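Student: Please find one structure pasted underneath; my questions will follow.
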Amino acid sequence: MALKPEPTAPFHSVQYALRVLESVSKHGNGVTDAQISRETGLPTGHLASLLLTLRREGYVEQVSDGAYVIGASLLLLGSGAARRQALEDRLQLTLSELRDSVGAAVYLSRYVDGEVSVTQVADGPLTPAVNEWVDFRSSAHASAVGKCLLAQLDHDGRRDHISRHRTARLTSRTITDEKILFSQLDAQSATVPVLDLQECAVGTVCAAVPLTAGSAAGCLALSLPIEDAHRLRSAAETLSRRAAPVLLSLAL
């Protein structure tokens with residue numbers, strides 16, 4: 001549907017934007033501004049400012065060959081698999097930015113159906129992920145991720161988990177006594193990062209902060225090699241301060 005531009009009318013500007021989005025949506029592999037102009041009837045000069053606004057708001061994206069494709073913000077308005085993928089991509093981008101900010105691999109974890117689940121990881125060549133020599137589901141009593149999640153459960157929930165995953169001694173620092181472990185979890189403040197000082201793996205230190213979306217327990221965590229242990233507390237504080245964007249991404 002071609003439209004004649006009337007830039008002084010806000011209502012018509014909305015119409016133009018919708019026609020542009022319809023044009024971009026029809027071309028899964030991308031469409032040029034010239035093609036959009038032909039399909040909508042908008043002159044390229046007027047179209048340029050409109051595309052700039054749509055790009056800024058995330059409704060369209062420009063790929064390497066200059067063509068336009070639908071953006072994450074438009075996908076988030078939809079439903080089904082496309083929306084889920086858009087949410088996951090946005091969350092991964094947020095985690096990657098957080099990784100660069102703290103200078104450490106970052107993990108998003110949840111407690112789902114009675115198990116510790118690391119759902120997303122942002123690592124890189126300079127920020128390698130921890131060597132998971134023991135499954136996170138079996139090391140909740142020792143890892144920062146696991147302890148942070150267990151701390152959010154009630155006593156019965158913790159007992160249920162421990163009954164299914166024994167508190168094995170993973171390093172000389174691992175707490176295996178259930179009473180001592182539960183006492184530490186009870187004393188853990190929600191505003192203070194949970195630390196793992198080589199309790200789960202020799203050569204690695206970790207920190208985690210609670211991140212609850214709805215009723216499910218969740219957390220953000222980071223890991224550092226032991227030679228960078230002096231950065232752990234400051235990195236953990238940054239992690240805690242930067243948790244809000246991640247929570248926002250989860251809530252969308």
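The values are calculated or read from the model by the stated rules, or taken from the named source; none is laboratory data. Computed from a predicted structure; not experimentally measured. Cβ sites come from the backbone with ideal geometry, for glycine too, and all protein chains shown count toward neighbours. Protein only, heavy atoms only, side chains kept; ligands, DNA and RNA dropped before computing areas. Shrake-Rupley method; radii C 1.70, N 1.55, O 1.52, S 1.80 Å.
Student: Just a yes or no: is a residue in region 237-250 modelled with pLDDT of 95 or more and polar (S, T, N, Q)?
Tutor: Of all residues in region 237-250, those modelled with pLDDT of 95 or more come to none.
Within region 237-250, none of the residues are modelled with pLDDT of 95 or more and polar (S, T, N, Q).
Student: Let me confirm something: among ASP160, ASP186, ASP177, ASP154, which residue is over 24 Å from the mean Cα position of the chain (by Cα), at pLDDT below 95 and either over 19 Å from SER101 (Cβ atoms) or not polar (S, T, N, Q) (or both)?
Tutor: ASP154
Student: Another question about this same structure. What residue, among those in region 130-143 that are at pLDDT below 95 and aliphatic (A, V, I, L, M), is nearest to LEU222 (Cα to Cα)? Give the steps one after another, and end with the answer.
Tutor: To start, the set of residues in region 130-143 that are at pLDDT below 95 comprises 130-138.
Those still in the list that are aliphatic (A, V, I, L, M) too: 130, 134.
Numbers: VAL130: 9, VAL134: 17 Å.
Only one residue tops the list, namely VAL130.
Student: Given the structure, is GLY146 at positive phi and modelled with pLDDT of 90 or more?
Tutor: Here the answer is no, as GLY146 does not meet what is asked.
Student: Moving on to the next point. Do we find a residue being within 26 Å of LEU93 (Cα to Cα), surrounded by 14 or more Cβ atoms within 10 Å (Cβ to Cβ) and either charged (D, E, K, R) or modelled with pLDDT under 80 (or both) anywhere in region 3-13? Walk me through how you get there before you give the answer.
Tutor: Initially, region 3-13 is screened for residues within 26 Å of LEU93 (Cα to Cα), giving none.
Looking for residues that are within 26 Å of LEU93 (Cα to Cα), surrounded by 14 or more Cβ atoms within 10 Å (Cβ to Cβ) and either charged (D, E, K, R) or modelled with pLDDT under 80 (or both), one finds none in region 3-13, hence no.
Residue-wise test of (1) closer than 27 Å to ARG90 by Cα; (2) touching a residue at least 12 places away in the same chain (Cβ under 8 Å).
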| position | (1), (2) |
| --- | --- |
| ALA17 | yes, yes |
| SER23 | yes, yes |
| GLY30 | yes, yes |
| THR44 | no, no |
| LEU52 | yes, no |
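Student: Shifting gears a bit: Just to check your reading of the model, which residue among ASP177, ASP113, ASP154, ASP160 is of a type outside the set (Lys, Arg), over 20 Å from CYS206 (Cα atoms) and in contact (Cβ under 8 Å) with a residue 40 or more places away in the chain?
Tutor: ASP160
Student: Further question: Which members of region 120-151 meet the condition of being among the aliphatic types (A, V, I, L, M) and without any contact (Cβ under 8 Å) to a residue 40 or more places away in the chain?
Tutor: VAL121, ALA122, LEU126, ALA140, LEU150, listed by residue number.
Student: Cβ-Cβ distance below 9 Å, separation of 6 or more or different chains: which pairs start in region 95-107 with a residue that is modelled with pLDDT under 90 and end on one that is open to solvent by 30 Å² or more (accessible area, probe 1.4 Å)?
Tutor: Filtered contacts from region 95-107: GLU97/ARG242; GLU97/PRO245.
Student: Still on this model: Which one is nearest to the chain's Cα centre (by Cα), of the residues in region 123-143 that are more than 14 Å from LEU224 (Cβ to Cβ) and surrounded by 15 or more Cβ atoms within 10 Å (Cβ to Cβ)? Walk me through how you get there before you give the answer.
Tutor: To start, the set of residues in region 123-143 that are more than 14 Å from LEU224 (Cβ to Cβ) comprises 125, 132-142.
Next, from what is left, pick out any that are surrounded by 15 or more Cβ atoms within 10 Å (Cβ to Cβ): 136-142.
Working: PHE136: 18, ARG137: 20, SER138: 23, SER139: 22, ALA140: 21, HIS141: 24, ALA142: 23 Å.
In this case the residue turns out to be PHE136.
Student: Give the residue that is farthest from ASN131 (Cα to Cα), with candidates limited to residues of region 95-119 that are surrounded by fewer than 21 Cβ atoms within 10 Å (Cβ to Cβ), touching a Ser or Thr at 6+ places or on another chain (Cβ under 8 Å) and of a type in the set (S, T, N, Q).
Tutor: Looking at residues that are surrounded by fewer than 21 Cβ atoms within 10 Å (Cβ to Cβ), touching a Ser or Thr at 6+ places or on another chain (Cβ under 8 Å) and of a type in the set (S, T, N, Q), I get SER101.
Student: May I pose another question? Would you check if SER183 is among the polar types (S, T, N, Q) and within 30 Å of THR94 (Cα to Cα)?
Tutor: It is false that SER183 is among the polar types (S, T, N, Q) and within 30 Å of THR94 (Cα to Cα).
Student: Here's another thing I want to ask about it. Inspect all residues belonging to region 172-186 and state whether any of them is surrounded by 21 or more Cβ atoms within 10 Å (Cβ to Cβ) and assigned to a loop (DSSP other than H, G, I, E, B). Steps first, please.
Tutor: Step one: of region 172-186, the residues surrounded by 21 or more Cβ atoms within 10 Å (Cβ to Cβ) are none.
No, because not a single residue in region 172-186 is surrounded by 21 or more Cβ atoms within 10 Å (Cβ to Cβ) and assigned to a loop (DSSP other than H, G, I, E, B).
Student: Here's something else I'd like to know. Every residue in region 113-135 that is under 28 Å from SER215 (Cα atoms), part of a strand (DSSP E or B) and touching a Gly at 6+ places or on another chain (Cβ under 9 Å), please.
Tutor: VAL116, THR119
Student: Output the residues belonging to region 158-168 that are farther than 28 Å from LEU239 by Cα and assigned to a loop (DSSP other than H, G, I, E, B).
Tutor: Answer for region 158-168, where residues must be farther than 28 Å from LEU239 by Cα and assigned to a loop (DSSP other than H, G, I, E, B): HIS165, ARG166, ALA168.
Student: Working only within region 191-235, note down all residues that are touching a Cys at 6+ places or on another chain (Cβ under 9 Å), within 13 Å of LEU98 (Cα to Cα) and part of a helix (DSSP H, G or I).
Tutor: none
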